[in-house]
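Reviewing the structure listed below.
The values are calculated or read from the model by the stated rules, or taken from the named source; none is laboratory data. No experiment lies behind these values; they were computed from the predicted model shown. Quick reminder, even Gly has a Cβ in these numbers, built from the backbone with ideal geometry, and neighbours come from all protein chains shown. Heavy atoms of the whole protein, side chains included, go into the accessibility calculation; ligands, DNA and RNA do not. Shrake-Rupley method; radii C 1.70, N 1.55, O 1.52, S 1.80 Å.
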Amino acid sequence: MKNRNKSSRGKFLRAISLISCLTFPAYSAVGQTAAPGTLGENQVVDTTDWGQWKRNCSQMVDDCKGKTFFNCSESAFRNRPFHFYVQSIVPGSGVGGGGQYVKTPNFGKWQNTFSATSVITIRQFWMADVKFSMLRTIDRDWNTAQEGLGLNFYVHNRSMPVLTFYGLGPNTNVNNSVKFGLRDTAAGGEFSTPVRGWLSVGGKFEVLWPDVSGVTGKNVVSIQQQYTEQTAPGLTSQPPMIHEQIYLRPHKRFFKQRFEIDYSVGYNFYQDTDTGHFSFRRLEAILDHRFYPEKKRHGAVIPDNYFNFRWRYAVSDASAGNAVPFYLQETLGGSDIDNQATLRAFKDYRFRGPNLMMVQAEYDRRLCRECNVCKDGLIRTVCSHLGLLVAYDAGKVALRKSDLDFSGMRQSFAGGIAIYAGKDVVFRVAVALGGGEGAHPYFAVANFL
């Protein structure tokens, strides 16, 4: 009996050790799926990865040391054909968990990927997504980056039971917020292809089925209690929409690969399939400029250390008598609904309008990926997964596109840390100031879908 108790106690302690060793590495490895044809540092490489998962985790219980546990947890969240998934869905949804099934039914010169993903969060947001992607390399002398013709077909649904609405325009009051629910369903396809070594073109066709609802609960003010169809267009009716997009993407690296530009200029058509009242057009331009100040010993730049400057401009145009639905308007504050950072000193979705202009400057630096003096072990492993970030944001939304200028732009200054898994940032946390609404903690879980 005494030996049996020791054995049981030993198993219990080993289980506690296992859980404690997995806690931090799991968060640094969540949600990592690389793009077709790319591999992360510890990404699984077999067609079926259960064997590698078992090898990476076999020593973890008895040997709770840095890299062993990062490798084990990364395998758990990258295993194929099925792996676990941890990520947020939209800002305010909280972190959730689920799974993803991935197959690569390649044939001929086409590299194909089928994926099915489902995630539910602690705040009862959920999403389901099915995609089939096809990629074929274009063999031309000018295509030095080996870009290819890409086709992507998808169906996705997001259920967002509680979102915050502060009203429309640049001068809303933070204390006058209300809540609404939104279900976002879409099905369609998109393509992109290079036409020169520095230029790609693409397009999208999809059908959208939005569904706006009120919110009930203690101390909750629902959107229909304070807003009408005139003050929040699209509140009472959400017809199916057809969305068409065409875009150009100039991109190039020069000055010995140290400077990179990545532009996207697109024109969007949103067609109300019912009355036509919510049909509108939108021009959007995103201009990214990135500078890599540091190089490795063999001459290549260090891709994790960079300065980035972004300018984003979006204007909407609706015919006389038409309106842009509030749930399809641009937002500034925290992160937008696609988990992209905007004005970090403000709450998520703080400012909303049909037109937007924003500039951002950011410096990111990984702490010790290239550390030559650090000894192998837990400290070096943890350090290699951490980075620093400093950011400045400025922007404004406008009800009329003629009001978009550099006067009266809201500003934000932020500093914090980033957590890496492989070459990707999976989590950011920062403190932002300068918005006039107090210090604002900023959290961002990477969107891998």
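Quick notes
- Over the range 71-229, volume per residue of the alpha carbon convex hull, in Å³: 183
- Over the range 389-432, all Cα pairs binned in 10 Å intervals from 0 give whole-percent P(r) values of 24, 31, 25, 17, 2, listed from short to long.
- Under 15 Å, Cβ to Cβ, from ALA414 - net charge with Lys/Arg +1 and Asp/Glu -1: +2
- Rg of the Cα atoms in the range 265-401, relative to 2.2 N^0.38 Å, amounts to 1.44.
- Ordered from largest to smallest accessible area (heavy atoms of protein chains, 1.4 Å probe), the residues ASP338, ASP274, ASP364, ASP141 come out as ASP141, ASP274, ASP338, ASP364.
- Shown in residue order for the range 425-440 are the 3J(HN,Hα) couplings computed by the Karplus curve 6.51 cos²θ - 1.76 cosθ + 1.60 at θ = phi - 60°: 7, 10, 7, 10, 9, 8, 10, 10, 10, x, x, x, 10, x, 5, 10 Hz (x for Gly and Pro).
- Heavy-atom SASA rank of PHE84, PHE114, PHE125 (probe 1.4 Å, accessible area, largest first): PHE84, PHE114, PHE125
- Other-chain or far-sequence residues with amide H under 5 Å of GLY214's (modelled H): GLY181
- Solvent-accessible surface ranking, highest first, for ARG281, ARG400 at 1.4 angstrom: ARG400, ARG281
- Per-selection Rg to Rh, the range 106-149 - Cα, Kirkwood hydrodynamic radius: 1.27
- Formal net charge of residues neighbouring PHE346 (Cβ-Cβ distance under 15 Å; K, R +1; D, E -1): +1
- Cα convex hull volume per residue for the range 220-308 (Å³): 168
- Debye intensity ratio in log₁₀ form over the Cα atoms of the range 156-310, taken at each q of 0.09, 0.10, 0.14 Å⁻¹: -0.50, -0.60, -0.92
- Cut-off under 5 Å, modelled amide H: who pairs with THR342 long-range: GLY333, GLY334, SER335, ASP336
- Chymotrypsin sites (Phe, Trp or Tyr not before Pro) restricted to the range 138-170 and DSSP loop, no more than 14 other C-beta within 10 Å: TRP142
- Relative contact order (%) - the range 275-415, alpha-carbon pairs under 8 angstrom, separation at least six: 22
- Remark: the range 254-267, residue by residue, has Karplus-estimated 3J(HN,Hα) of 8, 6, 6, 6, 7, 10, 9, 10, 9, 10, 9, 10, x, 10 Hz, where x stands for each Gly or Pro and the curve is 6.51 cos²θ - 1.76 cosθ + 1.60 at θ = phi - 60°.
- Pairwise centroid distance, computed over Cα atoms, of the range 127-170 with the range 283-320, Å: 18
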